[in-house]
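Taking it in order: structure first as structure tokens, then the write-up.
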Amino acid sequence: LTVLGIETSCDDTGIAIVRRENDNNKVLANVMNSQQSFHIRYGGIIPPRAQDLHRSKIAEVYERCLVEANIKPEEIDAIAVTTRPGLPLSLMVGLRFARHIARTYNKPMVPVHHMKAHALQACMEHTIPYPFLCLLISGGHSQLCFIKGPEEFLLLGETLDDAPGEAFDKIARRLRLYINPEYRNWNGGQIVEQAAKLASNPEAFEFPLPLARMRDCNFSFAGIKNNSFRAIKRQERIEACPPDSVITNYADFCAGLLNAISRHLMNRTQRAMEFCIERGLFSGNCRSLVVSGGVANNDTIFNDISHLAEQYDCKTYRPSKKYCSDNGVMIAWNAIEQIMNDKQCLTYDYYKIDVQGKATLGTSLLQEV
Ligand code: ATP
Ligand code: FE
């Protein structure tokens, strides 16, 4: 089974080809075109510009992908494409392109949910038996879900405001760390992770634990973000910082910030873990936790979560770093999981498939948690 995956939900044009043969999964090609260096100048993504950039690059990314895989389009069995959730203008570019290839070569299409694809990506490289708990942390989402099968997601909690990746990006920008040539073309999460390693006093900045009194599995990062902005302003005043300069103890600040975000993620994951154990959701004694989405790249966060899970005899997994953030591989892999689960997901009814800006992950257990 050979599937081409197309991802254009946000600011990355990603196309990949994944093959599953005799229970082995192989990435034949993975090509990405990131728009980050463009959007960073404006402090956020401008949807029509993102759409233009996807449009201007998608054919080239596709051609490079075929060359890298050394494959002809005829040898592909299905075309998978992200249809939800995401920026509708960006999603449309991927969907139209997918339709075009599917029609040209008479191939079936598989629509893919972007967050489900993030969540299941770890299963491509590790044998993780269903069901498992999943912490999905990315640029636009923060969710805890219990996954019973490729199409059976129970949503346990989600963010009430910002996502953790978004918080890292906005705070790194406010710290003006993007102007540091060392960090050119890095995202906020990577910058904060790297800067935190240089801290001499990691306890210098402390943040209160968000939602500490709430018994549910929801998240909130707006408090950490606003406290960060205030702390940076205070520090700039103390140091009489000239405009466009960075506070001297930015590394200590990043260590404090990373610690605050990690503690919050651990606290909510612990609640979810206890909920799943109490309700007998895990099967037998086999407990697995998957951490995925761009923020799963962060070693401090992943190690903290793994240690927490260990206390519950739970094994923790994450995708390889190159597959944590957006990419076409996870879209192709998700289609393979869907096809193995139920061949009905393959469709030649190309015009029945549409994009959806917002799309829930599955059945909500938010009230029960
Ligand atoms: P969503 O998947 O919610 O629609 P997205 O696709 O934009 O959002 P991803 O590509 O999964 O998000 O992840 C990008 C985010 O991951 C960015 O916000 C970035 O700051 C964060 N990130 C990447 N690397 C790291 C890291 N090492 N530590 C923390 N955060 C990181
Ligand atoms: Fe994503």
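Only the coordinates and a few stated rules stand behind these numbers; no lab work does. Quick caveat, the model's predicted, so the values are computed rather than measured. Using ideal geometry, Cβ is built from the backbone for each residue, glycine included, and neighbour counts are taken over all protein chains shown.
One residue is enough: does the range 305-327 have a residue meeting the conditions within 14 Å of ligand 2 (Cβ to nearest atom), touching a Leu at 6+ places or on another chain (Cβ under 9 Å) and among the β-branched types (Val, Ile, Thr)?
Checked the range 305-327: no residue is within 14 Å of ligand 2 (Cβ to nearest atom), touching a Leu at 6+ places or on another chain (Cβ under 9 Å) and among the β-branched types (Val, Ile, Thr).
So which residues in the range 131-146 are in contact with a Ser or Thr (Cβ under 8 Å, 6 or more places away or on another chain) and either more than 16 Å from ligand 1 (Cβ to nearest atom) or among the hydrophobic types (A, V, I, L, M, F, W, C) (or both), if there are any at all?
Scanning the range 131-146 gives PRO131, PHE132, LEU133, CYS134, LEU135, LEU136, ILE137, LEU144.
For the range 1-35, name all the residues that are assigned to a loop (DSSP other than H, G, I, E, B), without any contact (Cβ under 8 Å) to a residue 60 or more places away in the chain and within 16 Å of ligand 2 (Cβ to nearest atom). Let's see the steps before the verdict.
Just the residues of the range 1-35 that are assigned to a loop (DSSP other than H, G, I, E, B), to begin with: 1, 8-11, 22-23, 35.
This time we only want the ones that are without any contact (Cβ under 8 Å) to a residue 60 or more places away in the chain, so: 22-23, 35.
Once the filter is applied, which keeps residues that are assigned to a loop (DSSP other than H, G, I, E, B), without any contact (Cβ under 8 Å) to a residue 60 or more places away in the chain and within 16 Å of ligand 2 (Cβ to nearest atom), the range 1-35 yields only GLN35.
Taking the range 291-323 only, how many residues are out of contact with any strand residue (DSSP E or B) (no Cβ under 7 Å at 6 or more places or on another chain), part of a helix (DSSP H, G or I) and closer than 15 Å to THR269 by Cβ?
Of the range 291-323, the ones out of contact with any strand residue (DSSP E or B) (no Cβ under 7 Å at 6 or more places or on another chain) are 294, 297-301, 303-304, 307-308, 310-313, 320-323.
Still in the list and also part of a helix (DSSP H, G or I): 294, 297, 299-301, 303-304, 307-308, 310, 321-323.
Within this subset, residues satisfying the condition of being closer than 15 Å to THR269 by Cβ are 300-301, 303-304, 307-308, 310.
Going through the range 291-323 one residue at a time, the tally reaches 7.
Mind listing just one residue for me: the one in the range 208-224 that is farther than 17 Å from ALA163 by Cα and among the hydrophobic types (A, V, I, L, M, F, W, C) and, of those, surrounded by the most Cβ atoms within 10 Å (Cβ to Cβ)?
That would be MET214.
Any idea which of (1) more than 29 Å from THR360 (Cβ to Cβ); (2) surrounded by fewer than 20 Cβ atoms within 10 Å (Cβ to Cβ) is the one ALA29 doesn't satisfy?
Unmet for ALA29, out of (1) more than 29 Å from THR360 (Cβ to Cβ); (2) surrounded by fewer than 20 Cβ atoms within 10 Å (Cβ to Cβ): (2).
Please verify whether ALA240 is touching a residue at least 24 places away in the same chain (Cβ under 8 Å) and more than 16 Å from ligand 1 (Cβ to nearest atom), treating the condition exactly as stated.
On the way: touching a residue at least 24 places away in the same chain (Cβ under 8 Å): no; more than 16 Å from ligand 1 (Cβ to nearest atom): yes.
So ALA240 fails the test.
Residue by residue, here is whether (1) within 16 Å of ligand 1 (Cβ to nearest atom); (2) in contact with a helix residue (DSSP H, G or I) (Cβ under 9 Å, 6 or more places away or on another chain); (3) hydrophobic (A, V, I, L, M, F, W, C) holds:
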| residue | (1), (2), (3) |
| --- | --- |
| ASP313 | no, no, no |
| LYS321 | yes, yes, no |
| CYS324 | yes, yes, yes |
| VAL329 | yes, yes, yes |
| ILE339 | no, yes, yes |
| LYS343 | no, no, no |
| LEU346 | no, yes, yes |
| VAL355 | yes, yes, yes |
| ALA359 | yes, yes, yes |
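Using beta carbons and a limit of 7 Å, which pairs, at least six apart or on different chains, have the first residue in the range 287-316 and farther than 24 Å from GLU166 by Cα and the second one near ligand 1 (Cβ under 8 Å from one of its atoms) and part of a strand (DSSP E or B)?
No pair meets every condition.
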